[in-house]
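Shown next, in structure tokens, is the structure this report addresses.
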Amino acid sequence: MARRELQEINAGSMADIAFLLLIFFLVTTTMEVSSGITRMLPPLVPPDAEHPDVKERNVFIILVNKDNQLAIEDKLRDPSEIKQLCMDFFINPYNNEDLSERVLYTEKIEKLKREIIAAEQHENNNDNVKGLNEKLKMYNSVKDAFGNKIARSSGVVSLQNDRGTDYGKYIEVQDQIIAALNELRNKLSNDTWGEDFDDLSLVQQKLVKEVFPFAISEAEPKKFN
Amino acid sequence: MGKFDKKSKGGSPAISTASLPDIVFMLLFFFMVSTTMKEVDTKVYTRLPDATQVKKIENKSLVSYIYIGTPKNTDEFGTTDAIQLNDQIANIGGIQQYVEQERAKRKEKEVKLMTFSLKVDEETKMGIVVDVKEELRKVQALRINYASKKKESK
């Protein structure tokens, strides 16, 4: 029997097969990016709970109606104005009576110390004292980090929408408010450490978050207009 | 002419295509790895809104999705906005059950970190979104994410 000569396998079609698979994956791939705005919903409050009293000057009301029109503090506005108005509201550089109240951390610490002394006299609520002490620690580290002039705004942005508002509009407004807060955070971070908020260590981020919390309140939608 | 004669001795040899499969395989593997097969068939249209302040979701295994938009199959589901959980259209009452079901899939300590991502069509009215948020609050699923596409800020 003549020995058959060992023939080399032709690898030329390998590329074709690979191309076929490649094209299949190219077509089926959806580079799905899961990105979005993460928010925490407020926990459900029992209906008989007392509403905290908030001064009128400390509430920044943004209304979006069913025709996607925008009213900020009762004036018709354009969405592009939200960011600047929000920042002014929180920072209140000229101590305007209509904008949010700013409380110095030095004052807050004094007040908290008095509260702790008062709480310690009623010895039955140890948890309360512990909580207040934690808060005092936080305030002190904020003061140490940013200096004596640091103040926190008592302002809250209240975003109210109609049931007929478009979701896209709602996100646009929400986005602008967050942009305002992020810019404030970034500014404080840059002034103190020369870095953006996202590049800070977790401890530093916590301090900045304490000064500029995401104070956005979403009321249940009403029928207005 | 001698120039086009393949077997001419002085001409440059043909470029070897032997490494072509390797290159293609490399691309192939890249796409295979980066592909995420769609987990659910969407039964509603969800054109996501744009936003500037979006962040990437880090841990995808902790995310469950809720889709809201106009149904693709208008004969069966009509044209009003609908909620899709898993791969079927559901009504608002199904959300609490869905949350429990999704929680049961995760380990106990992960439950707290779970995020519910709302993939909502731009043109959806807020009414239905608010109802969904209310349902989520009732079952203490407070960490939510409004899925949106990145847009560069002007």
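The values are calculated or read from the model by the stated rules, or taken from the named source; none is laboratory data. Note that the coordinates shown come from a computational prediction; the quantities given were computed from them, not determined experimentally. All Cβ positions, glycine included, derive from the backbone under ideal geometry; neighbour counts span all protein chains shown. Accessible surface is based on the protein model in full, side chains and every heavy atom, while ligands, DNA and RNA are left aside. Shrake-Rupley method; radii C 1.70, N 1.55, O 1.52, S 1.80 Å.
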So residue B:109 passes all but one of these: (1) over 21 Å from residue B:40 (Cβ atoms); (2) within 14 Å of another protein chain (Cβ to nearest Cβ). Which condition number does it fail? (2)
Answer yes or no as to whether residue A:7 is within 30 Å of residue A:147 (Cβ to Cβ) and either within 14 Å of another protein chain (Cβ to nearest Cβ) or open to solvent by 90 Å² or more (accessible area, probe 1.4 Å) (or both). no
Give the number of residues within the range B:31-42 that are touching a helix residue (DSSP H, G or I) at 6+ places or on another chain (Cβ under 9 Å), open to solvent by 50 Å² or more (accessible area, probe 1.4 Å) and not in a loop (DSSP other than H, G, I, E, B). 1
Are there any pairs, at least 6 apart or on different chains, whose C-beta atoms fall under 9 Å, with the first in the range A:49-70 and part of a strand (DSSP E or B) and the second surrounded by fewer than 11 Cβ atoms within 10 Å (Cβ to Cβ) and at pLDDT 85 or above, and if so, which? A:70/A:76; A:70/A:78
Just one of (1) away from every other protein chain (no Cβ under 14 Å); (2) not in a helix (DSSP H, G or I) trips up residue B:103, so point out which. (2)
Residues of the range A:178-192 being among the β-branched types (Val, Ile, Thr) and either outside any helix (DSSP H, G or I) or within 11 Å of chain B (Cβ to nearest Cβ) (or both), which ones? A:178
Pick from the range B:71-88 the residues that are in contact (Cβ under 8 Å) with a residue 40 or more places away in the chain and crowded, with 18+ Cβ neighbours inside 10 Å: which of them is farthest from the other protein chains (Cβ to nearest Cβ)? B:84
Can you tell me which residue in the range B:119-154 is surrounded by the most Cβ atoms within 10 Å (Cβ to Cβ), limited to those that are of a type outside the set (Gly, Ala, Ser), within 8 Å of chain A (Cβ to nearest Cβ) and part of a strand (DSSP E or B)? B:120
Report, by residue number, each residue of the range B:90-117 that is in contact (Cβ under 8 Å) with a residue 40 or more places away in the chain and touching a Leu at 6+ places or on another chain (Cβ under 9 Å). B:95, B:96, B:99, B:106, B:110, B:113, B:114, B:115, B:116
Hey, could you check the range B:43-69 for residues that are in contact (Cβ under 8 Å) with a residue 40 or more places away in the chain and among the basic types (Lys, Arg) and say which is most open to solvent (accessible area, probe 1.4 Å)? B:47
Among the candidates A:74, A:127, A:78, A:88, which residue alone is assigned by TED's automatic domain parsing to the domain that holds residue A:214, more than 27 Å from residue A:187 (Cβ to Cβ) and open to solvent by 50 Å² or more (accessible area, probe 1.4 Å)? A:74
